Amino acid sequence: MAVARDLAACLRNWVQLAETIDSLATTEGWSLSFNKQTVPKDIKKMMAGKSSELFHLPGAASSKGIKISEVTVTYGKLTQEDVKKAYELGRSTMPAPVPTSFEGWLNSSSYRVVHEGVVTDIPRKVFIDRAANLLGGTHPMSNFTESEHATWADPYIVDLMNTQVGLWPVPYSILMESAQEIVRVFEPVLI
């Protein structure tokens, strides 16, 4: 888990610099577009009344040749027709870059849980900060961000530490997707 801890600590630096990065983007005239994916209405309708967990990996996080773009864990019965429809919808709703600020992307959901009809979204920046804390990461700046006090997200992230997608625990996959997206967006303007 040392790799995940170091990755979370690095991403935390980006989170804490979000306001500065957006200001620089405005000053330099950078047009930022991040991959964001929303849950299609048909999928929401299909999942109504079922408890589920959903995490997007819009950049198709990859490791050792395995690519994963989105995972939905459903606690409830899906018909064969539901599974087929979800597969078809999933293939046709791959994310496309959406113009947004860096802060706007960090505030988008990285993990969604629906339990007994209650939807809980964990914003990307909260996920990064809390994962860094839980993995023993350092605090790069002396001031704490608001999301570092969002301990309400901890039980969800701790639970995900015990769930693997491919070869890695889910939090690492979500962190890796975030890192890949940052590289994709900022590499052209910074190099």
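The values are calculated or read from the model by the stated rules, or taken from the named source; none is laboratory data. Remember, predicted model here, so these are calculated numbers, not experimental data. Note: ideal-geometry Cβ built from the backbone for every residue, glycine included; neighbour counts use all protein chains shown. Side chains included, ligands, DNA and RNA excluded: accessible areas come from the protein's heavy atoms. Shrake-Rupley method; radii C 1.70, N 1.55, O 1.52, S 1.80 Å.
Structural remarks
- Subtracting the Cα-Cα distance of residue 184 and residue 119 from 0.36 nm times their residue separation leaves 20.4 nm of extension gain.
- Largest accessible area first, the residues 105, 30 order themselves as 30, 105 under a 1.4 Å probe with ligands, DNA and RNA left out.
- FRET efficiency for residue 20 and residue 152, using Cβ-Cβ distance with R0 set to 25 Å, rounded to 0.05: 0.40
- For the pair residue 13 and residue 81, label points projected 7 Å from Cα toward Cβ lie 5.3 nm apart.
- Looking at segment 153-191, none of the chymotrypsin sites (Phe, Trp or Tyr not before Pro) sits in a DSSP loop with at most 15 other Cβ atoms within 10 Å of its own Cβ.
- Distant-in-sequence amide contacts of residue 35, defined by a placed amide H-H separation under 5 Å and a gap of 5 or more residues or a different chain, comprise 98.
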